[in-house]
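Report on the structure given below.
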Amino acid sequence: MAEHVQARFGKKLRALRKRQGWTQETLAHKLGLDRTYLSDVENGRMNVSLVNLEIIAQGFGKSLSQLLSGV
């Protein structure tokens with residue numbers, strides 16, 4: 001069975017965050033989102049809204065299409 005899209009996005013978010021050398025706390029502060037929310041996203045437990053996808057993309061200096069590429 002194929003991996004669920006939430007899990008695939010979570011793995012990508014974690015990889016992007018770690019590539020920057022950021023903790024979840026650092027990323028949460030930068031984005032204005034709760035750390036536990038980001039943890040749930042990274043672990044594939046949270047379905048991310050379009051609004052938050054845009055916030056995350058902007059936080060990494062990416063477009064939505066770049067953020068979602070390969071997910």
(request) Give the label of the value calculated from the structure for Rg and Dmax of the Cα atoms in Å, choosing from (1) 11.8, 36; (2) 11.1, 36; (3) 12.1, 31. (result) (2)
(message) Could you tell me which residue out of Gly21, Tyr37, Leu64 lies farthest along the dipole of the chain toward its positive end? Charges go on the beta carbon: Lys and Arg +1, Asp and Glu -1, centred on the Cα centre.
(response) Gly21
(request) Quick one: net charge around Leu27, please, counting Lys, Arg +1 and Asp, Glu -1 for every other residue with C-beta under 12 Å from its C-beta. (result) +3
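Just to confirm, what accessible area per residue do you get for the chain at 1.4 Å probe, in whole Å²?
Values: 4410 Å² over 71 residues.
Per residue, the chain has an accessible area of 62 Å².
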(request) State to the nearest 20 debye the size of the charge dipole of the chain about its Cα centre, where the only charges are +1 on K and R beta carbons and -1 on D and E beta carbons. (result) 280
(request) Would you tell me the accessible area of Val51, worked out with a 1.4 angstrom probe on the heavy atoms of the protein chains, in Å² to the nearest 10? (result) 100
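With a 1.4 Å probe and all protein chains left in place, how much of the accessible area of the chain comes from carbon and sulfur atoms, in whole percent? Don't jump to the answer; show the numbers that get you there.
On the way: 2250 of 4410 Å².
Ligands and nucleic acids excluded, carbon and sulfur give 51 percent.
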(request) Quick one: net charge around Ala57, please, counting Lys, Arg +1 and Asp, Glu -1 for every other residue with C-beta under 14 Å from its C-beta. (result) +3
(request) Enter the angle in degrees (range 0 to 90, nearest 10) between the Cα long axis of helix 50-59 and the first principal axis of the Cα atoms of the chain, meaning the one along which they spread out most. (result) 50
(request) Grab the DSSP H runs of the chain that are 4 residues or longer, score each as -39,500 (n - 2.57), total them, divide by all residues and round the 222 nm result to the nearest 500 deg cm²/dmol. (result) -19000 deg cm²/dmol
(message) Can you tell me the orientation of helix 5-20 relative to the chain, as the angle in degrees between its alpha-carbon axis and the longest Cα principal axis, to the nearest 10?
(response) 30
(message) Once you place label points 7 Å from the Cα toward the Cβ at Leu31 and Val5, how far apart are they in nm?
(response) 1.7
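The values are calculated or read from the model by the stated rules, or taken from the named source; none is laboratory data. Note that the coordinates shown come from a computational prediction; the quantities given were computed from them, not determined experimentally. Quick reminder, even Gly has a Cβ in these numbers, built from the backbone with ideal geometry, and neighbours come from all protein chains shown. Accessible surface areas use protein heavy atoms only, side chains included; no ligands, DNA or RNA. Shrake-Rupley method; radii C 1.70, N 1.55, O 1.52, S 1.80 Å.
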